[in-house]
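As structure tokens, the structure follows; a few thoughts come after it.
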Amino acid sequence: MTIQSVLQQKNMSMYRLAKVSKVPYATLNDICNGKTQLTKCSAETVYRLARALDVPMEDLLHPYMVKRSSFENFKSTVCHRVKEMGDVEFMMDLLDSDAIRTYYDRHWYPESLYLLAMLDYLSRLHGLPQCSDYDDLRRRKLERPVYPASVLAVSVAAGNDQALQQAEREAIPEFMRFNIVESEVWNVI
């Protein structure tokens, strides 16, 4: 759980949290916007925030202590989960976990948008409506295209952008919407 998610659950503003916890608003704003890492704050600051939010300090710190794997590993893990669980079970698990929002709140935008693209893609394949909980994120897009490592390697080896352009043409639309070039989610090893 992130501070933002707890604030949403409790319908509390950052301003109110700052007042209740006696943590300066500027400090809290920096933490919530990723300018200051919660793990680098004093134990007193973490304690005050946890107490004001009525959550254990460990729960508040946990999301900030999670190590981020490479995006290629993340994609591979997601594709393996889809293959192992099946499309619909994966979608239900993804929605239950709210991982899309969790990653977005951590500022892990490629991971968040990849999961949302996968959800939308699988929804389209099965004729299911899109989950409206993420409509705000559907307006987001990564600044630059993210290509699979294999496509980047071919492009570098060839010394031109033809492989990149071809990958964009063949990309799944739900992924391209977020500037993620993905064309294969089934044949993972």
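Read the figures in this text as sums done on the coordinates, not as results from a lab. All of these numbers come straight from a predicted model, not from anything done at the bench. Glycine also receives a Cβ, built like all others from the backbone with ideal geometry; neighbour counts cover every protein chain displayed.
Results, tabulated for the structure shown:
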| item | result |
| --- | --- |
| Test for LYS10: is it farther than 20 Å from ILE100 by Cα and either surrounded by fewer than 17 Cβ atoms within 10 Å (Cβ to Cβ) or hydrophobic (A, V, I, L, M, F, W, C) (or both) | no |
| Helices (runs of 4 or more DSSP H) enclosed by region 87-152 - at least 2 residues per element that are in contact (Cβ under 8 Å) with a residue 60 or more places away in the chain and crowded, with 19+ Cβ neighbours inside 10 Å | 99-105, 109-125 |
| Count of residues meeting criterion [in contact (Cβ under 8 Å) with a residue 40 or more places away in the chain, polar (S, T, N, Q) and in a helix (DSSP H, G or I)] in region 1-17 | 2 |
| Residue, surrounded by the most Cβ atoms within 10 Å (Cβ to Cβ), within region 59-80, restricted to residues that are without any contact (Cβ under 8 Å) to a residue 12 or more places away in the chain and assigned to a helix (DSSP H, G or I) | THR77 |
| Residues satisfying the stated conditions in region 15-38, i.e. crowded, with 17+ Cβ neighbours inside 10 Å and not hydroxyl-bearing (Ser, Thr, Tyr) | LEU17, ALA18, VAL23, LEU28, ILE31, CYS32, LEU38 |
| Region 18-58, subset charged (D, E, K, R) and part of a loop (DSSP other than H, G, I, E, B), residue farthest from MET1 (Cα to Cα) | LYS22 |
